[in-house]
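This report refers to the structure that appears directly beneath it.
Where a number appears in this text, it was derived from the coordinates with a stated rule and is not lab data. Everything numeric in this text was worked out from a predicted model, so none of it was measured. A quick note on method: Cβ atoms are made from the backbone with ideal geometry, for glycine too, and the neighbour counts reach across all protein chains shown.
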Amino acid sequence: MTDAPSYLSPTGQEIVFLLLGAVAVGAALLVVTTRQLVHAALWLVVTFGALAGCYLVLTAEFVAWVQVLIYVGAIVVLLLFGIMLTRAPIGRSADLDSGNRPAAALVALATAAVLVTVVVDGFRTAYAPLRAGGGSAGEIGSSVFRNWVLPFEALSVLLLAALIGAIVLSRTDIRGRG
Amino acid sequence: MHIVYPAVVSALLFSIGVYGVLARRNTILVLMSVELMLNAVNLNLVAFDVWLRDRLHAGQVLTLFVIVIAAAEVGLGLAIILALYRNRRTVDLDRLRLLAETPAPAGSALSPESALTAGPASATGSSPVSAPVRTGPPPPTGSPPAGPPPPAGPLPPTGSTPSTGPVSPPPAGSPFPPSPGPGEGP
């Protein structure tokens, strides 16, 4: 966009973002490598919190708070409920990884190499000065209810359908017809 | 803010999610890895919304939509996992091999066209996990099975008679290879 400053002198915002990104990536690595199921869910909380911080640095405040509310507040709790209800072993369990772990590591490394190469090559000069207020609740709310009303309503119907589907799937006294 | 930073972070998160989906065995851990991948996409959306200064705020609104869809997905996924756990007593992905193609059992002398019709039933009968952990109580010997009813035979199958054609006996007879005698109750 504009004349981008060099990478050698990162601003304070970039340093904070990089630290938060490092925390997110490290916690995500622990999520996929830890030997305890409950610890995986708790490291997932750290990942989502660091990502919420990244959104805050990127001036997307409303998305950050929604991330904290829904991901940390609802989804992780739901995953913990799932862990408890399937009577998962609480302590250290050795068989959380399947046998195709080397293949998975190979595929993941290849994906990371390709994506990072392409992204660095493509957006090396992209620069956007951060301006506060771009992602406030007022802006996002007016945008949702002015330009995105139809997807919003369709999404509410989808959420209702998912709710009913989850209830029907998890209740045991509802039988199929015939 | 250089756009490369959030893009690289999100690429790394996505590859970590790919690794988790492929390498983990527990179904809930696979769901967590899917959440990681969705979060990588969200970070990309927010970063490019900031970069492009979209007047409609498409990136951030789409991020909200993705978060809502992820919530619905986790709810449904956990309901499916709980139903699976009720039926199978396990959530290990490696042990859910009911759809795997197993070689035909050695004792059954099935012609190729009758093996075509009896394929799912014989795969169900010879799967290693299905025998102790079938859904519900095991059917009593002699009664027709609850899943695939015999298409034409009104009588319960009286032993395995391979000469009666491909229609009636093989789907009903093959799930009970060790049934001792026809018609006796337990």
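Couple of notes before you dig in:
- Tilt relative to chain A, helix A:149-170 - C-alpha long axis, 0 to 90 degrees, to 10: 30 degrees
- Residue with peak Gaussian network fluctuation, chain A [Cα springs, cutoff 10 Å], from A:TYR127, A:TYR55, A:TYR71: A:TYR127
- Farthest toward positive dipole pole in the stretch B:1-87 [+1 Lys/Arg, -1 Asp/Glu at C-beta], among B:ALA72, B:MET1, B:VAL61: B:ALA72
- When the Gaussian network model of chain A links Cα atoms closer than 10 Å, the mean-square fluctuations of A:PHE123, A:PHE48, A:PHE145 top out at A:PHE123.
- Amide N proximity, the stretch B:66-82 versus A:VAL168 label position 7 Å along Cα-to-Cβ, cut-off under 15 Å: B:76-77, B:79-80
- Projecting the Cα positions of A:TRP43, A:ALA132, A:SER6 onto the charge dipole of chain A (unit charges on Cβ atoms of Lys, Arg, Asp and Glu, taken about the Cα centre) puts A:TRP43 furthest along the positive direction.
- Two-site FRET efficiency, A:TRP65 against B:GLU101, from Cβ-Cβ distance with R₀ of 30 Å, rounded to 0.05: 0.05
- Within the stretch A:88-113, backbone nitrogen closer than 13 Å to the virtual label 7 Å beyond the Cα of A:ARG35 toward Cβ: A:91-97
- Label-to-label distance, B:THR90 versus A:PHE81, with points set 7 angstrom from Cα along the beta-carbon direction: 2.7 nm.
- Max mean-square fluctuation residue, GNM over chain A, Cα-Cα springs under 10 Å, options A:SER93, A:SER142, A:SER156: A:SER156
- Highest mean packing first, where packing is the average number of other Cβ atoms within 10 Å per residue, the peptides A:99-112, B:71-84 line up as B:71-84, A:99-112.
- Legend: mean number of C-beta atoms from other chains within 10 angstrom of residue C-beta atoms, peptide A:22-35, equals 5.
- Degrees, to the nearest 10: A:12-33 long Cα axis against longest axis of chain A: 30 degrees
- Positive-end residue, chain A charge dipole about Cα centroid, Cβ charges, pick of A:LEU106, A:MET84, A:LEU19: A:MET84
- Only DSSP H runs of four or more residues enter the estimate; each adds -39500 (n - 2.57), and after division by the residues of chain A the mean residue ellipticity at 222 nm equals -21500 deg cm²/dmol.
- Spin-label model, A:LEU42/A:ASN100: points 7 Å from Cα along the beta carbon direction are separated by 3.2 nm.
- The C-alpha atoms of chain A define a longest principal axis, and helix A:137-147 lies at about 80 degrees to it.
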